1. Does segment 252-260 include one or more residues that are charged (D, E, K, R), exposed (fewer than 14 other Cβ atoms within 10 Å of the Cβ), in a helix (DSSP H, G or I) and modelled with pLDDT of 95 or more?
2. Got a sec? Which of Ser6, Ser21 is more than 28 Å from Ser224 (Cβ to Cβ), modelled with pLDDT under 95 and of a type outside the set (D, E, K, R)?
3. Being among the aliphatic types (A, V, I, L, M), modelled with pLDDT of 95 or more and either in contact with a His (Cβ under 8 Å, 6 or more places away or on another chain) or farther than 26 Å from Ile8 by Cα (or both), is that true of even one residue in segment 184-201?
4. Test each condition in (1) crowded, with 16+ Cβ neighbours inside 10 Å; (2) out of contact with any Phe, Trp or Tyr (no Cβ under 8 Å at 6 or more places or on another chain); (3) outside any helix (DSSP H, G or I) for Leu207 and report the one that comes out false.
5. Counting just the residues of segment 221-250 that are closer than 16 Å to Phe40 by Cα and within 17 Å of the chain's Cα centre (by Cα), which one comes out surrounded by the fewest Cβ atoms within 10 Å (Cβ to Cβ)?
6. Just the residues that are out of contact with any helix residue (DSSP H, G or I) (no Cβ under 6 Å at 6 or more places or on another chain), among the aliphatic types (A, V, I, L, M) and over 19 Å from Lys268 (Cα atoms), please, taken from segment 124-143.
7. Of all the helices (runs of 4 or more DSSP H) wholly in segment 80-185, which have at least 2 residues that are buried (at least 16 other Cβ atoms within 10 Å of the Cβ)?
8. Tally time: how many residues in segment 33-75 are part of a loop (DSSP other than H, G, I, E, B), closer than 14 Å to Ile147 by Cβ and hydrophobic (A, V, I, L, M, F, W, C)?
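The values are calculated or read from the model by the stated rules, or taken from the named source; none is laboratory data. Just so we're clear, the structure is a prediction, and the values are computed from it rather than from any experiment. Ideal geometry is used to build each Cβ from the backbone, glycine not excepted, and the neighbour counts take in all protein chains shown.
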Amino acid sequence: MGDDTSDIRQFYNESAEKEGSRLERHQLERDMTWRYLDKFLPRRGKILEIGCATGAYTIPLAKRGYTVTAIDFSPQEIEICRKKVKDERLEQKVNCVVTDARDLSAVTENDYDAGLVMGPLYHLILEEDRRMVLQQARLHLKNGGLIFSVFISRFGIWNDVMKNLPHYIEFQKDVKSVINEGKDADLAYQKGNFRGYFAMPEEITPLHEKTGFKTLALAGIEASGVRDEIYNVLKGKRRELWLDLLFSISTEKSIVGASKHILYIGQKAG
């Protein structure tokens, strides 16, 4: 394996409880992701979830009847996920495993209907590591199996950076490095914090296709840059109608680059 990601593991170990409520704060990300899962997943089957965190998708998928192998490299997050599985009496549906996404040798099955890679790819700053994750996922999918992978957009992050880290703009070397290379110039600045790789939309499809996937969709999850505080308060039919609209435009090229998260859906080619 390439990059030493022990600092990222420590970050998630220390923020495991907060990570558990992240999608309650970012409901459009959650709702749009479910729209794509509902559209492409088979009605039943086996799912390999790589980067499950504390089980925000794991538990609902298991409740829907899927068998899930839930993987994360954070022991603290896996412990929380296991507790949720036990509390919901889903032990027969979910197997939780602590391992690095770049090495899935602990997973012995290779007939999964779908692989969900919902986090690891935007923490791996080396292309060889991102490619390794996709290769590992592909090995464990059946022919025709689906992959759902998420990236953070290089151009869609700045609203959050301005809101949460307004001082970051003063680190001009890092700002320019993110724009030009997708990562901070001084990685020491991010040690112990969120450290990641921010992707260009046009690199995502080739990365998957070179690894042996046929592209089905590339979508911007936060379509039109809708902010959480605006979307989260919507209720009932009105919320559904807005979600319908945002889903319908989420694959437009201008939307994909401007969204914070970019979702790729592909199928394992023979």
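1. no
2. Among Ser6, Ser21, only Ser6 is more than 28 Å from Ser224 (Cβ to Cβ), modelled with pLDDT under 95 and of a type outside the set (D, E, K, R).
3. No: segment 184-201 contains no residue that is among the aliphatic types (A, V, I, L, M), modelled with pLDDT of 95 or more and either in contact with a His (Cβ under 8 Å, 6 or more places away or on another chain) or farther than 26 Å from Ile8 by Cα (or both).
4. (3)
5. Of everything passing the filter in segment 221-250, Ser250 is surrounded by the fewest Cβ atoms within 10 Å (Cβ to Cβ).
6. Those that are out of contact with any helix residue (DSSP H, G or I) (no Cβ under 6 Å at 6 or more places or on another chain), among the aliphatic types (A, V, I, L, M) and over 19 Å from Lys268 (Cα atoms): Ile125, Leu126.
7. Once the helices (runs of 4 or more DSSP H) in segment 80-185 are filtered for at least 2 residues that are buried (at least 16 other Cβ atoms within 10 Å of the Cβ), what remains is 127-139, 172-181.
8. 1
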